[in-house]
1. Which residue pairs have Cβ atoms closer than 6 Å, lie 6 or more positions apart in sequence or on different chains, and pair a first residue in the range A:304-326 that is within 14 Å of chain B (Cβ to nearest Cβ) and touching a residue at least 12 places away in the same chain (Cβ under 8 Å) with a second residue that is part of a helix (DSSP H, G or I) and of a type in the set (Gly, Ala, Ser)?
2. Tell me which helices (runs of 4 or more DSSP H) are completely within the range B:40-100 and hold 1 or more residues being without any contact (Cβ under 8 Å) to a residue 40 or more places away in the chain, or say none if there are none.
3. Which is at pLDDT below 90, away from chain B (no Cβ under 14 Å) and at positive phi, of A:GLY277, A:GLY336?
4. Just to be sure I understand the filter: pairs with C-beta atoms under 9 Å, separated by 6 or more residues or on different chains, first member in the range B:270-283 and more than 16 Å from B:GLY195 (Cα to Cα), second member part of a strand (DSSP E or B). Which pairs pass?
5. Just give me the residues in the range B:317-331 being in a helix (DSSP H, G or I) and of a type in the set (A, V, I, L, M, F, W, C), in sequence order.
6. Tell me the residue from B:TRP295, B:TRP314 that is on the phi < 0 side of the Ramachandran plot, of a type outside the set (Lys, Arg), at pLDDT 90 or above and outside any loop (DSSP other than H, G, I, E, B), please.
7. So, A:LEU319, is that one buried (at least 16 other Cβ atoms within 10 Å of the Cβ), of a type outside the set (Gly, Ala, Ser), under 16 Å from the mean Cα position of the chain (by Cα) and over 28 Å from A:PHE174 (Cα atoms) or not?
8. Condition check: closer than 20 Å to A:LEU168 by Cβ and surrounded by fewer than 18 Cβ atoms within 10 Å (Cβ to Cβ). Does A:TRP213 satisfy that?
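The values are calculated or read from the model by the stated rules, or taken from the named source; none is laboratory data. Remember, it's a predicted structure, so these values are computed and weren't measured experimentally. Note: ideal-geometry Cβ built from the backbone for every residue, glycine included; neighbour counts use all protein chains shown.
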Amino acid sequence: MKVSRWIALPFLLPNLLGFLAFTFLPILASLALAFCSWDLFSPPQWVGFGNLSDLLGFTLPEKANGWLLLVAGISAAVAFAPLPRWWRLGLISLSVMALWGFFREIEPHYPRFWQSLGNTFFLMLGLPVSMLGSLVLAMALNRTLYGNRFFRLIYFLPSMVGGVGIYLLWKWIFNPDYGPLQQLFLFLSGHDGPRWLESVLWVKPALMLMGFWGSVGGTNMILYLAALQNISPELVEAARIDGAGPWQRFRHIVLPMVSSTSFFILIMGVIHGFQGGFDAAYVMTRGGPAGASTTTSYFIYENAFGWYEMGRASAASLLLFALVMIFTWLNWRMAGEKVHYA
Amino acid sequence: MRRSRLLLFLFGALTLVLAACQKQARTQADGVELVLLTPGGRIAQALEVSLESFRREHPQIAVRTIASPGRDYYTKGLTMLAGRAQVDLLWLGMGFGMFADRGALLDLAPYAGKERPSVLESLTPEVVAWYRYRGALLGLPYGVDIQAVVCNDSLLEELGLALPQADWSVEEMIALGRAAKATSSPERPIPYGIGMEELRPALFGLALLEEGGRFGLASPEGEAWLKLNSELARERVLLRSAGQGDLDRLSEFFAQRIALMEVFTWDLPILQQRADFRWRLLPPPRGPRGDRGAWASSSGFSITKATRHPEAAWLLLRHLIGSDFQKALMEQTVPTDRSLHDAYIAQGGEHARDYAVMTSLLPVLRPDPRVAQQDELLSEWIYWRERAHQGQRSIPDALAQAQARFERILQRGRREEKP
């Protein structure tokens, strides 16, 4: 029986309309607004690349050393010549150092945007640690031990509890005057611990610590648990008979067999990492102190709904989108071929 | 047949969608409905009582209130107005400039001008002036919020420190804060000397943003002021808030761990209820040049430019700045009607002298200038101030950066200025 393709339309239409109205059109509008100045109250004004240059632009102070740029360029160019590997590595390092020396002298037009990007990258450093923690935890819970169902529930609980409540709880834990963490420091060392959320140095580690608590035992652990349970026991048994020790079994059987899960978690983690950090910054620190916990998503929110700089917020969203695209592509290029699909 | 059924289904679905999008039906076909946006809490409670009498006087006008409690009140208000949601009147305090500068408010001068005697005659003229913007009267205040300093006399005596007098100077306040902090011990912890996040620029005759829209701290005095604040923050003489603002300040004071604290008119009821020790209100200390300035803000109502019922909205606004409403909120704000000042002081009971401190400050109030970019400027300032406090930037560099950012923001604001 031939079924008309149009019959699918009424079923697809509600979702399609919703997608068009609330996702696709806003994305297009945001793209256009990145090149406009708009405060919601008056009509948007075309500013071309003004918003992007405001975010990405910088001023060269007089003390900026042009020689460093020259050294960076020459060493990068020479590195492409047919040279021994260590020479090439040395030249690239020299180029990077010269570039670093040059760029640390420049004055960005909008340092807070660069800082928010830096914070976002810094917080994403927690991803590999969190993945490793999830894998270790999943391996521990994969053993047939008494009560492991109970522990699976316990470890999964943090990701089931509502966000804001958890943030308020952690805010209290990190309180430098009466928080339990400070009391613990005082008890153990006799000295005050770091002033976690008040310190530009400690606020990001504090947020990462809180993130581990929620993410190590969360969905990632469940995904790893499912992947581990899919590993054929015969494979492990065969390796054991061949004399493979625990580390070799982990290195040559478990890791390759869960690599597709790791790759999925990595891709999603990177995307989430770029977009994340808003809720914790909003509830716990308001992006402070001195912007040390402002992530790019919070920066976008602050510009859009705090200061009604819709154009600048859209331009930042556009840059964030480009970064997510680039890093996802890099992930596919660098890790995609190493993934083992069972 | 199947196709016609499909078309019929689609048509029905479309009708339902369009019906849902139809403008909200008016609740009273022959009257008007006003929508009033307010923050929650005590203001919303007082409003409900006040609106009952308004409804009795004007049965043809229905009033619907939308309470939007929380720290994002202004953001929500601006978003509602930008989204063309019906808001006829709204409560405005420090965020007045954000609305005024964006052309969101109706000029009340023609309505006030028609009345004889004018409503403006009874209100404190200095405070009414804060609601004038480029020649237009964009709101009317019912209360003034003023900053003073509260002193825990019991704690100071326990610590063996001299009690400050009303004519004190800012140097004396700092010395007292340092002395209080120095007495801290594990048995009697004094985590902070003064319950202030910063010594406000007004105490030193300075302003973050001067009239005319210039960064007011780019001067040797401003540099000295920021340096002093940084030192006091590092010494923990000033309160380093854990991000909970008032909660940190008040809880430490009530726990008798802070002897001196910045206090505002809205803090007085909780002081009366919770402080089970001897406390006293002092005016802000005199600055280095001998003059005194108190930070101040105000609370009032404005009518939105988008209202379809300006006459009815004016009636409601008149009701809300009337003496009944001012009396209802008198416990947390100084009434703008000067004839109510005696009643304001009397409500303090045994602390009447402390309430009188607030009214005595009316001639020396220093409100923040009102500009559209107020939140962005404030955020920018806190950013650079914190970088200086945390040692990430030198004091002159932090001030220079803040000045450059202020100029950039204000310049952009002038470019986008509404006609």
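1. Matching pairs, first to second residue: A:MET310/A:ALA304; A:ALA313/A:ALA304.
2. B:41-57, B:73-82
3. The unique qualifying residue is A:GLY277.
4. B:PHE277/B:ASN152; B:ARG278/B:ASN152
5. As a first pass, look at the range B:317-331 and keep what is in a helix (DSSP H, G or I): B:317-320, B:323-328.
Residues satisfying the conditions are B:LEU317, B:LEU320, B:PHE325, B:ALA328.
6. B:TRP314
7. Numbers: buried (at least 16 other Cβ atoms within 10 Å of the Cβ): yes; of a type outside the set (Gly, Ala, Ser): yes; under 16 Å from the mean Cα position of the chain (by Cα): yes; over 28 Å from A:PHE174 (Cα atoms): yes.
Judged against the criteria, A:LEU319 is a match.
8. Details: closer than 20 Å to A:LEU168 by Cβ: yes; surrounded by fewer than 18 Cβ atoms within 10 Å (Cβ to Cβ): yes.
Yes; evaluated as a whole, the condition is true for this residue.
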